[in-house]
1. Counting other Cβ atoms within 10 Å, keep those with at most 14, restrict to DSSP loop, and tell me which GluC sites (Glu not before Pro) in segment 1-82 are left.
2. Taking the inverse of the average 1/r across all pairs of different Cα atoms in segment 83-376, what Kirkwood radius in Å do you get?
3. For segment 1-73, take every pair of Cα atoms, bin their distances at 5 Å starting from 0, and report each bin as a whole percent.
4. At a Förster distance of 30 Å, what's the computed FRET efficiency of ALA43 paired with LYS446, Cβ-Cβ distance as r, to 0.05?
5. Quick one: 3J(HN,Hα) in Hz for segment 128-140, Karplus 6.51/-1.76/1.60 with θ = phi - 60°, rounded, Gly and Pro as x.
6. Please list the non-local residues whose amide H lies under 5 Å from the amide H of VAL166, H modeled 1.01 Å from N, same-chain partners needing a gap of 5 or more.
7. Using θ = phi - 60° and the Karplus relation 6.51 cos²θ - 1.76 cosθ + 1.60, list the HN-Hα couplings for segment 221-235 in order, rounded to whole Hz, with x at every Gly or Pro.
8. Could you compute the FRET efficiency for PHE370 and THR129, with r as their C-beta to C-beta distance and R0 at 25 Å, rounded to 0.05?
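Readers should treat all values here as calculations from the given coordinates under stated rules, not as data from a laboratory. Source: prediction; values computed, not measured. Note: ideal-geometry Cβ built from the backbone for every residue, glycine included; neighbour counts use all protein chains shown.
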Amino acid sequence: MTVFPLKFRQTADGDVLFCDDAGGFFKSDDAFLSRYAHDQFTADDDAFLLRNGHAFEEVGDVAYSGFEYRFASRLYAPGPLDYIILVPTLRCNLACGYCQVSRVNENTPGFDWSNQTLEAVLSFLGTITAPKIKIEFQGGEPTLRLDILSTVRDFCRSRFERCEFVVCTNLQDVSDEVWSFLSLTDVYVSTSLDGDVSTHELQRTFKSARTAQFVENLDAAIARLGNGKVSALPTIDPRRPPEPKSVIEAYTSRGMNSIYLRPVNYQGFARKRYDARASSSAWNAYHSSFIDELVEFNFTAEVPAEEYYFVHCLRRILRAGHNGHVDLRNPNIVGHGYVVIDHDGKIYPTDEARMVSRVGQFDLSMGDVFTGMTMATVDALNEEASNNFHPDCVHCTYQAYCGIDLVDDLSRYGRIDLPKDQTDFCQRHLALFDKIFAMIYSDDPKIRKSLAIWAGVPSFDASIARCHQ
């Protein structure tokens, strides 16, 4: 019998968690770890490992083929280019201190697409061969250029079989024309709600009248468009976070039951105004307490709630192929499945890449809409975009579930070769996966109820939490 490589990590309860390269996992003890290290498995060990897909008898047998299939299913393969982020303007009618894109004031000239840029963007979109397309309008505040949004929408509708448009708007000033655009059947709204009203005012609107105006527009958007077309997310300062219960209440009271918590990013203006470069410890503590509060909420709530990223990571553990989030993939191939077109027509592989370029740290652009794309920068990044052979990742218990974010490393440290355990990305995800596995192996009925809800199953199956002694 041959055992697939097992990685192991001591858990808070004194047991040892074992994971294989395909994402299979179980808990055991130090005695089993010793037997594994010294190649002294018992007959019971052999039977357990074979039965649960951690070992095989010979290359090509069913157990071996099954393992290889599960391993391959966890790898991300980019599809055709069908998701484009467009930034028609950097101008904005707010001045959020944690802005990560270095927006400019609303009346500042020179930061919108020109007519030539618009025409070049439409020509670029015309070269896309995919039958469907998703367009995300960002900024700045993209509704300041509603004319451009309308032109792009009309072009895409005539060019593609199916279209989806997402407008990332602060919903601060909404004209009748903007409401008409947002009400279209293929248009969705993404906005920000930083928890309770006082936190939102502190970080974004600064004045009570502006705060009231936003709240009125948010509630109107939900009423007019429906919950299915309006999403919001809070940006959290880990060192001064709002109470988890207040955030949950602010969202669920409006029928928004998926909450995507984001820490202040180390990008744009936030570099200067927030201590965001090394905040993983504070963030991990807050995020863990937020999940605990959600568990309490869900135990009695009529309509349960989730924290989007936590649930995404949970599902990556429980099943392969869950690659929907662009910042947690392996390999994290950039510049293929989606690209970003900035206010000046430059093309970037990710939204964070344009932010790094915007502050003058690195030029991560990959051409522009006038002369076309060049893949040199992207190819250099993609050579290091996998954790499968990374010397700091190959022994990590959570390698199969994790990803890699080179742009974040470049932003924070100016390099991609810093030992992974020293990076914010690694420290946050180690804590996150520790939390998930602690919950998977918990007997608490409250925790099991939330896990079932988040996994999308009627009840939590205790057999998922395999143990072997």
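1. Loop-located and lightly packed - GLU57, GLU58.
2. Radius from the Kirkwood sum: 20.1 Å.
3. Computed distribution, short to long bins: 3, 16, 27, 26, 16, 9, 3, 0.
4. Values: r = 39 Å, r/R0 = 1.29.
Calculated transfer efficiency: 0.20.
5. 6, 9, 5, x, 10, 8, 10, 10, 10, 8, 10, x, x
6. Those lying under 5 Å, H to H, from VAL166 are ILE135, GLU136, PHE137, TYR188.
7. Karplus-based 3J(HN,Hα) across segment 221-235 equals 4, 5, 5, 7, 9, x, 4, x, 10, 10, 10, 9, 9, x, 9 Hz.
8. In this case the efficiency is close to 0.75.
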